[in-house]
Amino acid sequence: FEAALRISPDYPDAHNNLGFVLSQISDRLPDAVKQYEATLRLKPDSAEAHNGLGAALVRRGDCAAAIPHFEAALHFKPDQADATYNLGTCQMAVKNYAAAIPYFEAAIRTQPSFAEAHFSLAGCLAKIPGRIPDAVREYEAALQLRPNEGLARLVHAKLGMLLADQGRAQDAIV
């Protein structure tokens, strides 16, 4: 990507792709942010760059700065499940579970196979009085989508504890 930028420094896709790669390396997050910002200077309506910048900011621990970028991503591309999910995770991070629920539900409507959204929705629903059955259903949906991956271990643990807390110890054992 850097080679492409040496040839064409105003190439927004190269900045965006470099930002994505750099955001995967924790000590390169500041560089990732700079690349996403460069993309947005060149292409302010890039939903992907807004979402990427927001995700990099979240990885840096700054949900407040990330939220406007996720909202911008949705403005430019309303059906972007990742940006919707990311808004939910920001709400969840500040324990605003009720506010997070609609974001996770919207991400699932856009992408029904989004197991992480089902998992996060379940976590929020479990915090809301009277919504435990819904939380169980969402944990089960996440498990059905990803039965053999790392997420499955988390789902089993969360679902088991939730069932045990509800007096369903026998169900939690299975």
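The values are calculated or read from the model by the stated rules, or taken from the named source; none is laboratory data. Predicted, not measured: the structure shown is a model, and the values here were computed from it. Cβ sites come from the backbone with ideal geometry, for glycine too, and all protein chains shown count toward neighbours. Calculation scope for accessible area: heavy atoms of the full protein, side chains included, ligands and nucleic acids excluded. Shrake-Rupley method; radii C 1.70, N 1.55, O 1.52, S 1.80 Å.
Remarks
- Highest-first packing order for the peptide set 8-21, 118-131 is 118-131, 8-21, based on the mean count of other beta carbon atoms within 10 Å.
- Linear extension gain, I7 paired with K43, 0.36 nm per residue minus alpha-carbon span: 11.1 nm
- Across the chain, C-alpha contacts under 8 Å between residues 6 or more apart give a mean separation that, scaled by the residue count, equals a relative contact order of 11 percent.
- Angle between the chain longest axis and helix 12-23 axis [Cα atoms, degrees, rounded to 10]: 50
- I132 - accessible surface, heavy atoms, 1.4 Å probe, Å² rounded to 10: 30
- Gyration tensor (alpha-carbon) shape descriptor, segment 1-63, a/c threshold 1.5: oblate
- Computed over protein heavy atoms with a 1.4 angstrom probe, the accessible surface ordering of K158, K95, K77, largest first, is K95, K158, K77.
- Hits among lysines - C-alpha to C-alpha of K34 under 27 Å, sequence gap 8 or more where chains match: K43, K77
- The angle separating the long axis of helix 47-59 from the principal Cα axis of greatest extent in the chain is about 70 degrees.
- Packing, as the average of other Cβ atoms within 10 Å across residues, places the peptides 41-51, 139-149 in the order 41-51, 139-149, highest first.
- Range of Cα positions in the chain per principal axis (Å), largest first: 64, 28, 26
- Cys with no candidate disulfide partner in the chain (beta-carbon separation under 4.7 Å rule): C124
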